[in-house]
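Novice: Take this structure first; my questions come after.
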Amino acid sequence: MVDAAVQSFHAARAALIEALQLEYFCDDLEPPMSAFGWDVQAFQAFYQSGGTDVPSPAALPAAASPAPAASGDDPALMAFLSENSAISHLSSSLSGLSWDECAAFFKEGRPRLLAELSNRGVPLAERQKFATLFAKATRPAVAAGQPGGGRPQSPPFEVTPLDVPGVVRGGEEVDVTRYQEQVLRDGIPAREKGLFPPNDELLRLLEIGGWKGCTKGLLHPTTDGAVAFAPVQSGWACGEGAVEHGLDLRWFIKPGLEDKTLVAAVRFGENARIGRGLKHMSVHGGAVETCLDEATAELCKSKLFPAAATATITFKISKPLQPHTTYRVHCKVDKELQKDLVYEISGKITSVDETVTFASCVAKMANTDGLAKALGNA
């Protein structure tokens with residue numbers, strides 16, 4: 001009984017610390033040894049100050065008594081909320097919802113739980129906090145027995161089929177014109193955790209220069225059993241997923257197929273550094289190469305053929321790139337190596353004024369649908 005209580009205490013304390021690290025953007029800040037006797041307000045004061053304020057528990061006001069649970073509230077869920085100060089204010093919004101219901105939603109996938117929270121009027125940022133903390137609270141303990149330990153893996157996430165008329169994959173309708181129409185129509189969605197400051201100079205110049213902002217699209221399943229192009233919400237090099245690990249690439253094209261160039265603005269975040277928080281470290285080469293790989297591929301998809309694959313690519317990083325700095329990306333189609341099938345595309349990352357080149361690449365892009373048809377007819 002005592003062991004279980006101790007484990008519960010340590011789990012709640014760890015969840016509180018993680019929530020405050022998320023709230024105040026300091027996930028590398030750990031509390032001192034003296035924090036063992038702190039209450040919630042002491043932890044909050046410590047993280048709010050960035051670690052400079054190490055409060056004395058005796059000097060802090062006594063915590064207010066928790067409000068009695070409303071009739072019909074689930075005790076387990078209310079206890080979870082009260083133990084996590086970052087989401088404790090959601091108790092009224094989640095009144096009537098149970099821990100088991102949340103677990104069932106989460107088992108269907110994080111988006112299902114987020115959708116339920118959205119239906120209850122919980123703002124996006126608060127939904128994300130709740131889902132993150134809930135995931136950690138329900139995650140099985142790490143098992144030892146191998147370097148780094150291990151834990152049971154969740155089933156792969158799959159997108160929900162789109163309720164729109166689809167087309168047959170590999171058919172004539174899946175062409176570059178249709179893909180370009182989609183990316184131009186959807187533009188660049190607002191990014192919740194974007195790395196660009198307001199009124200970024202390069203973004204403004206591209207917008208007024210006749211360039212149209214786009215974000216990555218891919219074929220998604222549709223409810224009629226076919227496919228349709230749609231924006232990718234998150235991935236390694238696009239959307240919120242890329243932003244979270246330090247890459248915010250916003251690319252632009254000119255409508256039509258005549259102009260075969262792409263320009264982009266890119267900023268790297270702290271998580272793209274070789275070592276996060278180590279100010280003498282530059283952006284990791286893998287992040288730089290990802291940026292160029294993505295930009296050359298999107299030029300190919302939007303101007304040549306959407307079923308594009310990078311057959312080969314070579315990189316040259318001439319100078320270190322720094323986080324929290326806007327850079328310009330420029331890509332162009334250089335050579336037709338095999339009509340409608342294989343093309344050479346080059347790309348580079350420069351300063352905004354294009355006077356300094358930091359990195360460059362040369363890629364050979366292949367039309368996978370076209371090659372499959374050519375081989376099938378051979």
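Novice: Quick one: how many residues across segment 255-270 are surrounded by fewer than 17 Cβ atoms within 10 Å (Cβ to Cβ) and in contact with a strand residue (DSSP E or B) (Cβ under 9 Å, 6 or more places away or on another chain)?
Specialist: Here the count works out to 3.
Novice: Listed residues Leu321, Leu299; which is under 26 Å from the mean Cα position of the chain (by Cα) and under 24 Å from Gln182 (Cβ atoms)?
Specialist: Selected residue: Leu299, the only one of Leu321, Leu299 that is under 26 Å from the mean Cα position of the chain (by Cα) and under 24 Å from Gln182 (Cβ atoms).
Novice: Right, next: Which condition number does Gly235 fail, the rest of (1) out of contact with any helix residue (DSSP H, G or I) (no Cβ under 8 Å at 6 or more places or on another chain); (2) free of Cβ contacts under 8 Å to residues at least 24 places away in the same chain; (3) not basic (Lys, Arg) being met?
Specialist: With (1) out of contact with any helix residue (DSSP H, G or I) (no Cβ under 8 Å at 6 or more places or on another chain); (2) free of Cβ contacts under 8 Å to residues at least 24 places away in the same chain; (3) not basic (Lys, Arg) applied to Gly235, the lone miss is (1).
Novice: Return yes when Glu344 is of a type in the set (Asp, Glu), without any contact (Cβ under 8 Å) to a residue 12 or more places away in the chain and surrounded by fewer than 23 Cβ atoms within 10 Å (Cβ to Cβ) and no when it is not.
Specialist: No: the conditions fail for Glu344.
Novice: What pairs come out if I take residues in segment 127-140 that are closer than 13 Å to Lys107 by Cα and pair them with residues that are not in a helix (DSSP H, G or I) whose C-beta lies under 7 Å away, six or more apart or interchain?
Specialist: Between residues of segment 127-140 that are closer than 13 Å to Lys107 by Cα and residues that are not in a helix (DSSP H, G or I), the close pairs are Arg139/Arg151.
Novice: With the condition kept exactly as written, say whether any residue in segment 145-155 is charged (D, E, K, R), assigned to a loop (DSSP other than H, G, I, E, B) and not assigned by TED's automatic domain parsing to the domain that holds Phe252.
Specialist: yes
Novice: While we're here: Among the residues of segment 164-175, is there at least one that is within 29 Å of His330 (Cβ to Cβ), touching a residue at least 24 places away in the same chain (Cβ under 8 Å) and out of contact with any Gly (no Cβ under 6 Å at 6 or more places or on another chain)?
Specialist: yes
Novice: If I ask for residues that are free of Cβ contacts under 8 Å to residues at least 12 places away in the same chain and outside any helix (DSSP H, G or I), which ones from segment 111-126 would you list?
Specialist: Across segment 111-126, the qualifying residue is only Pro123.
Novice: Within segment 278-302, restricting attention to residues that are acidic (Asp, Glu) and under 22 Å from Ser318 (Cβ atoms), which residue is surrounded by the fewest Cβ atoms within 10 Å (Cβ to Cβ)?
Specialist: Glu289
Novice: Something else now. Does Leu77 meet the test of being surrounded by 14 or more Cβ atoms within 10 Å (Cβ to Cβ) and in contact with a Phe, Trp or Tyr (Cβ under 7 Å, 6 or more places away or on another chain)?
Specialist: Criteria met by Leu77.
Novice: Taking segment 99-110, which residues are surrounded by fewer than 17 Cβ atoms within 10 Å (Cβ to Cβ) and farther than 21 Å from Ala19 by Cβ?
Specialist: Within segment 99-110, Asp100, Glu101, Ala104, Lys107, Glu108 qualify.
Novice: Would you check if Glu181 is of a type in the set (D, E, K, R), at pLDDT 95 or above and either part of a helix (DSSP H, G or I) or crowded, with 16+ Cβ neighbours inside 10 Å (or both)?
Specialist: yes
The values are calculated or read from the model by the stated rules, or taken from the named source; none is laboratory data. Bear in mind the structure is a predicted one, so any value in this text is a computation, not a measurement. Backbone-built Cβ (ideal geometry, glycine too); neighbour counts: all protein chains shown.
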